[in-house]
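Written below as structure tokens is the structure these notes are about.
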Amino acid sequence: MNKHYRTVPSTIFDVLNYTLLGLFALVTILPFIYVVSGSFATEAEHTQKAFFLIPETFTLAGYQYIFSSNTLFKSIGVSIYVTVVGTLTNLLFTVTMAYPLARRDLMGRNTVLNLVVFSMLFSGGLIPGYILVRSLGMLDTYWALILPGAISAFNLIVVKNFFQELPAGLEESARIDGCTEIGVLWRIVLPLSKPVLATFGLFYAVGHWNNFFNALLYINDATKWPLQVLLRQMVMLSQISLGDSSNLDPTFVQPPEQTVKMAVIVVGTVPILLVYPFLQKHFAKGVLIGSIKG
Amino acid sequence: MEHTTMRTGTRKERLSWSAIARRLKKDKWMYILLLPGLLYFLIFKYVPMWGALIAFKNYQPFTGFWGSEWVGFEHFRNFFQNPDFFKLLRNTLLLSLYNLLFFFPAPIVLALLLNEIRISFYKRTIQTLIYVPHFISMVIVASITYVLLTTQGGVVNQFIESRGGTPIDFLADPDWFRPLIILQTIWKECGWGTIIFLAALAGVDVEQYEAAIVDGANRWRQMWHITLPSIRSTIIILLILRMGDVLENGFEQIYLMTNALNREVADVFDTYVYFMGITQGSFSYSTAVGLFKSLVGVVLVFGSNWLAKKFGQSGIY
């Protein structure tokens, strides 16, 4: 598309378009920048100034306050645990199921695939799922945050399609050399699938880190809350005009002010921003592998 | 997707039991690998589907699934006769409608504009920035919304006041609920939504543009006659999928933005199921509501798919 006539309307459009998109990108990240700088500002600055991007007096008071008790540390620990164990579980379940399904000659393959696809279209709903988790005795355990979402049907199908497209000759020659089926998966298929595994590992991991709904549903014990639930309690429920601070953790009885709230938001966002470069490297690939077949 | 045709076992020869046993034995390891995943789907997807039958029972935790008495369509009748039903339907449909009108076209427009950028460094930088919010949790998005918009020192109201205006309680005012939800969605997902369109646009043959230029087409004409048609099938597929979600507004976002003052406009089917089922313990009733929602979703997906095919588009099945 590099051959446009350099006409006047075309140039005007370009100038407008470049500016507009630049502004849109700026508006997208501005809230992050503001929250980060606000988390280092004094409370006085928040109440006196209408807007600022660089705090006049730099303070760590917000961070000192939120890390002064171990409540936040603990829930960060819970989130890390659930993210790591959850992601490994996801990958294990997804890969072991996708591999046999990638074999076109496997008896019963279509039945299982139809079962998977139907589960994407229709679900029993929230309450039967909740009753199931409860009757399995998983309420208030981290398994409730890991097992009910162990496989994403969509990811499974994408990984299956990827396995299917690997050159069959490689697996065949490994088998002739006396490799077992598990050996073929472990030594040939998985090393070839590293980029795909990285992509879906990251997707699953971000999903675990960000998950609020499952914890809201299954974790009542405040000492087992992952970060997202605690974040909501601290930032949103302390809204005085909205009342309801009855179920706040006792250590946060004092309503956190803007600086403190922003510091908490930063703590919840930074891990995602740290893996973002890796995500960005892989995600387009992940989305596109999925859509080729779709 | 190749296997979405709902047929099973179209194998030509009927398999005898001994043939089945032979194949099971031959692919023993394959079936062992398949087992955990299959069990996962049966336990966590199909048992709840079976469990959804409690919508037709009077489920009590003490008597359990089998011991509870059948009541037929009583819960559905109660739900449709409940004055809340129309409130929920209105709130749900309005949010979906606004979403379709204001959010759905946004990534398409954004992708078309991005496609016109020829300085690849500038394009990449913008893409890097606008994809970020997709990976941020809904709790963070709602939290940022709160700290920016609160009347207690939030920057937006500070700004309004410094200009001599009166502060607006965005978070509690029912009139602001729907615009806030849509704005949040645009901020979070608009950039990410461009990926699929940009991929389709990258596949367009450059010769088409060259031919159009030779024919004297200006950039507007090129966009209208070449670029837009090339993503039409993608738009239609996404629209069909979107139809299945008409009764679902995304629980987390609505739940997080709901408070005592905006319940009148904020209550939707998704959150209603949660409040009635989990908070108040009316398991059977809320399961009936959830089932209604799921069934409508399935009907809408198939219906819009049928309609798309009727109008000569490819559809998803």
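The values are calculated or read from the model by the stated rules, or taken from the named source; none is laboratory data. Predicted model only: the values in this text are computed from it and were never measured. Here the Cβ is made from the backbone with ideal geometry for all residues, glycine too, and neighbour counts use every protein chain on show.
Results for (1) without any contact (Cβ under 8 Å) to a residue 12 or more places away in the chain; (2) farther than 22 Å from B:SER294 by Cα, shown as yes or no for each residue.
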{"site": "A:THR89", "(1), (2)": "no, yes"}
{"site": "A:LEU113", "(1), (2)": "no, no"}
{"site": "A:LEU136", "(1), (2)": "yes, yes"}
{"site": "A:PRO148", "(1), (2)": "no, no"}
{"site": "A:ASN161", "(1), (2)": "no, yes"}
{"site": "A:GLY169", "(1), (2)": "yes, yes"}
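Out of (1) touching a Pro at 6+ places or on another chain (Cβ under 6 Å); (2) at pLDDT 95 or above, the odd one out for B:PHE102 is which?
Checking B:PHE102 against (1) touching a Pro at 6+ places or on another chain (Cβ under 6 Å); (2) at pLDDT 95 or above, the one that fails is (1).
For (1) touching a residue at least 12 places away in the same chain (Cβ under 8 Å); (2) crowded, with 18+ Cβ neighbours inside 10 Å, each residue gets a yes or a no:
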{"residue": "A:LEU20", "(1), (2)": "no, no"}
{"residue": "A:ALA25", "(1), (2)": "no, yes"}
{"residue": "A:ILE29", "(1), (2)": "no, no"}
{"residue": "A:PHE32", "(1), (2)": "yes, yes"}
{"residue": "A:HIS46", "(1), (2)": "yes, yes"}
{"residue": "A:PHE52", "(1), (2)": "yes, no"}
{"residue": "A:LEU60", "(1), (2)": "yes, no"}
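From the list B:LEU171, B:LEU94, B:LEU100, which residue is touching a residue at least 60 places away in the same chain (Cβ under 8 Å), assigned to a loop (DSSP other than H, G, I, E, B), under 30 Å from B:LEU261 (Cα atoms) and of a type outside the set (Lys, Arg)? Let's see the steps before the verdict.
Numbers: B:LEU94 fails: assigned to a loop (DSSP other than H, G, I, E, B); B:LEU100 fails: assigned to a loop (DSSP other than H, G, I, E, B).
Matching residue, one of B:LEU171, B:LEU94, B:LEU100: B:LEU171.
A quick yes/no check of all residues on (1) in contact with a strand residue (DSSP E or B) (Cβ under 8 Å, 6 or more places away or on another chain); (2) not in a loop (DSSP other than H, G, I, E, B); (3) not β-branched (Val, Ile, Thr):
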| position | (1), (2), (3) |
| --- | --- |
| B:MET276 | no, yes, yes |
| B:TYR285 | no, yes, yes |
| B:PHE292 | no, yes, yes |
| B:VAL299 | no, yes, no |
| B:PHE302 | no, yes, yes |
| B:TRP306 | no, yes, yes |
| B:LYS309 | no, yes, yes |
| B:GLN313 | no, no, yes |
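Does B:PHE76 meet the test of being surrounded by fewer than 12 Cβ atoms within 10 Å (Cβ to Cβ) and of a type outside the set (D, E, K, R)?
Working: surrounded by fewer than 12 Cβ atoms within 10 Å (Cβ to Cβ): no; of a type outside the set (D, E, K, R): yes.
Against the criterion (surrounded by fewer than 12 Cβ atoms within 10 Å (Cβ to Cβ) and of a type outside the set (D, E, K, R)), B:PHE76 does not qualify.
Look through the stretch A:184-242, keep the residues that are small (Gly, Ala, Ser), more than 8 Å from chain B (Cβ to nearest Cβ) and part of a helix (DSSP H, G or I), and return whichever of them is farthest from B:THR258 (Cα to Cα).
A:ALA198
Name every residue in the stretch A:25-66 that is modelled with pLDDT of 90 or more and at the interface with chain B (Cβ under 7 Å from one of its Cβ atoms), in order of residue number.
Matches in the stretch A:25-66: A:ALA25, A:THR28, A:ILE29, A:PRO31, A:TYR34, A:VAL35.
Can you tell me which of (1) touching a Gly at 6+ places or on another chain (Cβ under 7 Å); (2) touching a residue at least 12 places away in the same chain (Cβ under 8 Å) is the one B:GLU116 doesn't meet?
All conditions pass for B:GLU116, except number (1).
Filter the stretch B:233-268 down to residues that are free of Cβ contacts under 8 Å to residues at least 40 places away in the same chain and in a helix (DSSP H, G or I), then give me how many there are.
Qualifying residue count for the region: 4.
Which residue is farthest from B:GLN60 (Cα to Cα), if the candidates are limited to the stretch A:131-149 and must be at the interface with chain B (Cβ under 7 Å from one of its Cβ atoms) and buried (at least 21 other Cβ atoms within 10 Å of the Cβ)?
Looking at residues that are at the interface with chain B (Cβ under 7 Å from one of its Cβ atoms) and buried (at least 21 other Cβ atoms within 10 Å of the Cβ), I get A:PRO148.
Could you tell me which numbered condition B:VAL141 fails, if it satisfies all but one of (1) within 7 Å of chain A (Cβ to nearest Cβ); (2) part of a helix (DSSP H, G or I); (3) hydrophobic (A, V, I, L, M, F, W, C)?
Evaluating B:VAL141 over (1) within 7 Å of chain A (Cβ to nearest Cβ); (2) part of a helix (DSSP H, G or I); (3) hydrophobic (A, V, I, L, M, F, W, C) leaves (1) as the failure.
Filter the stretch B:249-295 for residues that are more than 11 Å from every other protein chain (Cβ to nearest Cβ) and within 16 Å of B:SER96 (Cα to Cα) and give the result.
Once the filter is applied, which keeps residues that are more than 11 Å from every other protein chain (Cβ to nearest Cβ) and within 16 Å of B:SER96 (Cα to Cα), the stretch B:249-295 yields B:ASN249, B:ILE254, B:VAL265, B:ALA266, B:ASP267, B:VAL268.
Considering every residue within the stretch B:215-228, establish whether at least one is touching a residue at least 40 places away in the same chain (Cβ under 8 Å), assigned to a helix (DSSP H, G or I) and surrounded by fewer than 20 Cβ atoms within 10 Å (Cβ to Cβ). Step through it out loud before you land on a result.
Taking the stretch B:215-228 and keeping what is touching a residue at least 40 places away in the same chain (Cβ under 8 Å), we get B:219, B:223, B:227-228.
Still in the list and also assigned to a helix (DSSP H, G or I): B:219, B:223, B:227-228.
Adding the requirement that they be surrounded by fewer than 20 Cβ atoms within 10 Å (Cβ to Cβ) leaves B:223, B:228.
Yes.
Test B:ALA200 against the criterion of being outside any helix (DSSP H, G or I), within 11 Å of chain A (Cβ to nearest Cβ) and over 25 Å from A:THR269 (Cα atoms), and give yes or no.
Values: outside any helix (DSSP H, G or I): no; within 11 Å of chain A (Cβ to nearest Cβ): yes; over 25 Å from A:THR269 (Cα atoms): yes.
No: the conditions fail for B:ALA200.
Go through the stretch B:43-71 and report how many residues are assigned to a helix (DSSP H, G or I), surrounded by fewer than 16 Cβ atoms within 10 Å (Cβ to Cβ) and of a type in the set (Val, Ile, Thr).
Number of matching residues: 1.
Filter the stretch A:172-183 for residues that are more than 11 Å from chain B (Cβ to nearest Cβ) and hydrophobic (A, V, I, L, M, F, W, C); which is farthest from A:HIS282 (Cα to Cα)? Step through it out loud before you land on a result.
Initially, the stretch A:172-183 is screened for residues more than 11 Å from chain B (Cβ to nearest Cβ), giving A:172-179.
Next cut, hydrophobic (A, V, I, L, M, F, W, C) only: A:174, A:176, A:179.
On the way: A:ALA174: 29, A:ILE176: 34, A:CYS179: 31 Å.
That would be A:ILE176.
Looking for something β-branched (Val, Ile, Thr) and farther than 30 Å from A:LEU30 by Cβ - is there at least one such residue anywhere in the stretch A:68-75?
Narrowing the stretch A:68-75 to residues β-branched (Val, Ile, Thr): A:71.
Applying the additional criterion that residues be farther than 30 Å from A:LEU30 by Cβ yields A:71.
Scanning the stretch A:68-75 turns up at least one residue that is β-branched (Val, Ile, Thr) and farther than 30 Å from A:LEU30 by Cβ.
Find the residue count for the stretch A:68-90, including only residues that are within 25 Å of A:ARG232 (Cα to Cα), out of contact with any Asp or Glu (no Cβ under 7 Å at 6 or more places or on another chain) and either surrounded by 15 or more Cβ atoms within 10 Å (Cβ to Cβ) or among the charged types (D, E, K, R) (or both).
Residues flagged as within 25 Å of A:ARG232 (Cα to Cα), out of contact with any Asp or Glu (no Cβ under 7 Å at 6 or more places or on another chain) and either surrounded by 15 or more Cβ atoms within 10 Å (Cβ to Cβ) or among the charged types (D, E, K, R) (or both) within the stretch A:68-90 amount to 13.
How many of the residues in the stretch A:91-130 are closer than 24 Å to B:ASP245 by Cβ and either surrounded by fewer than 17 Cβ atoms within 10 Å (Cβ to Cβ) or within 7 Å of chain B (Cβ to nearest Cβ) (or both)?
Of the residues in the stretch A:91-130, 17 are closer than 24 Å to B:ASP245 by Cβ and either surrounded by fewer than 17 Cβ atoms within 10 Å (Cβ to Cβ) or within 7 Å of chain B (Cβ to nearest Cβ) (or both).
Can you find a residue that is more than 20 Å from A:LEU23 (Cβ to Cβ) and in contact with a helix residue (DSSP H, G or I) (Cβ under 6 Å, 6 or more places away or on another chain) anywhere in the stretch B:118-134?
Residues of the stretch B:118-134 that are more than 20 Å from A:LEU23 (Cβ to Cβ), as a first pass: none.
No, there is no match, as no residue in the stretch B:118-134 is more than 20 Å from A:LEU23 (Cβ to Cβ) and in contact with a helix residue (DSSP H, G or I) (Cβ under 6 Å, 6 or more places away or on another chain).
Restricted to the stretch B:103-138, and to residues that are touching an Asp or Glu at 6+ places or on another chain (Cβ under 8 Å) and more than 7 Å from every other protein chain (Cβ to nearest Cβ), which residue is surrounded by the fewest Cβ atoms within 10 Å (Cβ to Cβ)?
Keep residues of the stretch B:103-138 that are touching an Asp or Glu at 6+ places or on another chain (Cβ under 8 Å), which gives B:103, B:107, B:116, B:133-134, B:138.
Next, only the ones that are more than 7 Å from every other protein chain (Cβ to nearest Cβ) stay: B:103, B:107, B:134.
Numbers: B:PHE103: 20, B:PRO107: 24, B:HIS134: 16.
In this case the residue turns out to be B:HIS134.
Look at the stretch B:86-102 and say how many of its residues are surrounded by fewer than 17 Cβ atoms within 10 Å (Cβ to Cβ), touching a helix residue (DSSP H, G or I) at 6+ places or on another chain (Cβ under 6 Å) and not hydroxyl-bearing (Ser, Thr, Tyr). It would help to see each step written out before you state the result.
Residues of the stretch B:86-102 that are surrounded by fewer than 17 Cβ atoms within 10 Å (Cβ to Cβ), as a first pass: B:86-87, B:89-90, B:93-94, B:97-98, B:100-102.
This time we only want the ones that are touching a helix residue (DSSP H, G or I) at 6+ places or on another chain (Cβ under 6 Å), so: B:98, B:102.
Imposing the further condition that a residue be not hydroxyl-bearing (Ser, Thr, Tyr) reduces the set to B:102.
Residues in the stretch B:86-102 being surrounded by fewer than 17 Cβ atoms within 10 Å (Cβ to Cβ), touching a helix residue (DSSP H, G or I) at 6+ places or on another chain (Cβ under 6 Å) and not hydroxyl-bearing (Ser, Thr, Tyr): 1 in total.
Inspect the stretch A:126-134 for any residue being at pLDDT 95 or above and over 17 Å from A:TYR218 (Cα atoms) and give the result as yes or no.
Taking every residue of the stretch A:126-134 in turn, none turns out to be at pLDDT 95 or above and over 17 Å from A:TYR218 (Cα atoms).
Of the residues in the stretch B:149-197, how many are crowded, with 20+ Cβ neighbours inside 10 Å, among the aliphatic types (A, V, I, L, M) and more than 24 Å from the chain's Cα centre (by Cα)?
So the answer is 1.
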